[in-house]
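What follows draws every value from the coordinates through simple rules; no lab data is involved. Treat the numbers as computed from the prediction; the structure is a model and nothing was measured. Quick reminder, even Gly has a Cβ in these numbers, built from the backbone with ideal geometry, and neighbours come from all protein chains shown.
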Amino acid sequence: MPARGVFAHYREFMDVPAHTVEVTLSEGDTPLIPVPKLAEELGGGFELFVKFEGMNPTGSFKDRGMTVAIGEAHGRQAKTVICASTGNTAASAAAYAARCDMRAIVTIPEGKVAAGKLAGAVAYGAEVIQIDGSFDDALSLVVQISQQHPIALVNSLNPYRLEGQKSAAFEICDTLGSAPDWLCLPVGNAGNISAYWMGFRQYNQHKGTGLPQVLGVQAAGSAPLVLGHPVDKPETVATAIRIGRPARGEQALEAAEESGGRIIAVTDDEILHMQRRLAASGVWVEPASAAGLAGLARQLCEGKMDVRGKRVVGVCTGHGMKDPDIIAKSMPSPQKLPSELRALEDAILGRA
Ligand SMILES: *Cc1c(COP(=O)(O)O)cnc(C)c1O
């Protein structure tokens with residue numbers, strides 16, 4: 001039996017209208033990868049896993065929510081979906097809309113979307129509109145459009161997105177046998193942290209799987225939840241979390257507090273450093289995806305978290321291939337050699 005995606009798998013745990021249909025690309029069921037080398041580098045004495053959400057069909061966790069949000073919209077005969085996106089939501093909405101022949105309109109902030117994401121949205125056939133403003137501006141516009149026209153909003157303000165995204169928490173509990181002690185993840189518009197917390201609580205109620213403490217991590221230049229006020233001009237290399245007014249900010253703060261966790265910020269340098277460390281364990285993620293574990297590293301370094309004997313999961317939200325430029329920029333261009341065995345030998349063996 002082929003996997004059928006998160007809606008079919010976890011249907012009984014999803015609070016969705018009866019008209020919701022299955023529109024799937026077999027999303028979910030992503031690997032939970034042990035990264036013992038990284039755990040050692042961070043001080044050791046605990047178990048560390050990466051939930052690699054870059055392995056979803058369009059390369060990010062957004063697919064978990066999109067399958068349900070689009071399944072709901074399609075089930076009530078909506079013909080068009082719209083979203084604002086820093087890129088991954090756009091690609092995901094476009095793919096799932098294509099699956100059921102819906103029109104997808106995606107708006108992106110000017111000039112700040114990673115190449116692989118934009119290409120995805122275009123490849124899947126979305127109508128891409130660049131807004132001369134920030135993500136927050138674009139979101140505010142599409143919310144108004146969805147209120148005034150029969151066009152379904154598929155940003156994470158749409159509750160069915162979160163219903164689908166809860167499935168990642170279920171999978172982690174199913175794989176580990178119970179919830180981890182800590183969950184670390186990046187926070188942008190704050191839908192994902194909210195969904196994880198909903199998911200862990202629900203599974204705990206049904207199956208007694210326990211609850212993790214949650215560490216949400218923002219980028220220092222886009223850290224409204226840490227600063228306690230919106231950020232008008234958010235900046236960070238981690239474009240997927242370059243958001244100054246998180247739509248689900250309150251819920252995120254509640255999740256952190258209820259879980260006995262917290263929301264912190266890390267610098268772009270810390271994010272890029274963790275991106276390299278993860279790659280050194282064979283897991284290449286886009287910058288935003290490294291933020292959760294960069295936050296863990298910072299907390300451990302500052303002695304603010306005791307993880308001895310514990311199980312920690314870092315959620316890596318999107319694939320490194322989404323944002324190749326960030327690597328290309330810092331990469332020396334490859335050495336060039338004549339097509340001669342001797343020259344290649346000399347280079348490999350370090351002979352002059
Ligand atoms: C969307 C996204 C985030 C942020 O998730 P929120 O639900 O907006 O907090 C983080 N990383 C990646 C790769 C994303 O695509």
>> Using all alpha carbons of region 53-105, what is the percent of pairwise distances in each 5 Å bin, ordered from the shortest bin to the longest?
In response: 5, 23, 34, 24, 11, 3, 0
> With springs only between Cα atoms under 10 Å, which of G164, G292, G228 fluctuates most in a Gaussian network model of the chain?
Replying inline: G228
> Based on the alpha-carbon gyration tensor of region 62-158, what equivalent-ellipsoid semi-axes (square roots of 5 times the eigenvalues) come out, in whole Å, largest first?
Replying inline: 19, 15, 10
> Between region 166-230 and region 280-300, what is the C-alpha centre distance in whole Å?
Replying inline: 16
> Just the Cα atoms of the chain, one point each, no solvent: what log10 I(q)/I(0) does Debye give at q = 0.12, 0.15 Å⁻¹?
Replying inline: -0.81, -1.24
> For the residues R4, R351, what sequence is obtained by ranking on other C-beta atoms within 10 Å, fewest first?
Replying inline: R351, R4
> Quick one: which of K62/K336; K112/K166; K51/K336; K51/K233; K117/K336 span more than 32 angstrom between C-alpha atoms?
Replying inline: K62/K336; K51/K336
>> Just want the ordering: C173, C100, from fewest to most Cβ atoms lying within 10 Å of their own Cβ.
In response: C100, C173
> Given springs between every Cα pair under 10 Å in a Gaussian network model of the chain, which of K37, K336, K117 has the largest fluctuation?
Replying inline: K336
>> Pick from M305, M14, M321 the residue whose mean-square fluctuation is largest in a GNM of the chain, springs joining Cα atoms under 10 Å.
In response: M305
> Can you sort T80, T317 so the residue with the fewest Cβ neighbours within 10 Å comes first?
Replying inline: T80, T317
>> To check you understand DSSP bridge types, tell me what percent of the beta bridges within the chain (both residues inside) are antiparallel, rounded to 5.
In response: 15
> What distance in nm separates the simple spin-label points at A123 and I348, each placed 7 Å from Cα in the Cβ direction?
Replying inline: 3.2
>> Given a Förster distance of 22 Å, report the FRET efficiency between Q148 and D101 from their Cβ-Cβ distance, rounded to the nearest 0.05.
In response: 0.40
> What translational diffusion coefficient, in µm²/s and rounded to a whole number, does the Stokes-Einstein relation yield for region 130-232 at 20 °C and a viscosity of 1.002 mPa s, taking the hydrodynamic radius as the Kirkwood radius over Cα pairs?
Replying inline: 138
> Which FRET efficiency value, to the nearest 0.05, do you get for S339 and R276 by plugging their Cβ-Cβ distance into 1/(1 + (r/R0)^6) with R0 = 22 Å?
Replying inline: 0.10
